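Colleague: Have a look at this one.
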Amino acid sequence: MKVIIVNGPNLNLLGVREPGIYGSESMEAYLTKLRRRYPDVEINHYQSNVEGELINKLQEAGFSYDGIILNAGAYTHTSIALLDCIRSLRTPVIEVHISNVDGREEYRRHSMIAPGCKGTIQGFGLDSYRLAVEALLGDGERGAG
Ligand code: DQA
């Protein structure tokens, strides 16, 4: 099982950025724990602040990986280009948010990318990423596409 976590803008600042909302743990520290917990899953990680670079990475991964876990950050709420990209891929994409975007500002309540994604996990802090891994693992077990 090969998955990739793709993180969008400002998520390179996890641990430093608004810790009251996003927590005080860095992505690197979290990834170390996640990989230890799922030794049989190859968990890759990519982060970019640039929309086109995210699209390039999704296209690259979207025909060979078993799952993509995407936190598109603020592009979630704006990017038709990301939606089009997700819809073009063979690999299932799970939308993830660290915070509960439905409990925050009005403009975060709409996801442009959700219609292209298999499902959404949000509001569980960094554990949202692990829950997405679980969803992908369960999917494999059920043999559902
Ligand atoms: C976020 C929520 C988005 O609204 C925000 O722009 C982010 C992070 C989250 O993980 O909670 O950058 O995707």
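Colleague: Debye calculation, C-alpha points only, no solvent: report log10 I(q)/I(0) for region 2-144 at q = 0.15 Å⁻¹, in the same order as the q values.
Modeller: Log10 I(q)/I(0), no solvent term: -0.69.
Colleague: What are the aspartates and glutamates whose alpha-carbon lies under 15 Å from the alpha-carbon of Lys118, with same-chain residues fewer than 8 places away excluded?
Modeller: Partners found: Asp66, Asp84, Glu95, Glu134, Asp139.
The numbers here are math on the coordinates, done by the rules we state, and not lab data. Please read all numbers here as calculations on a predicted model, not as lab measurements.
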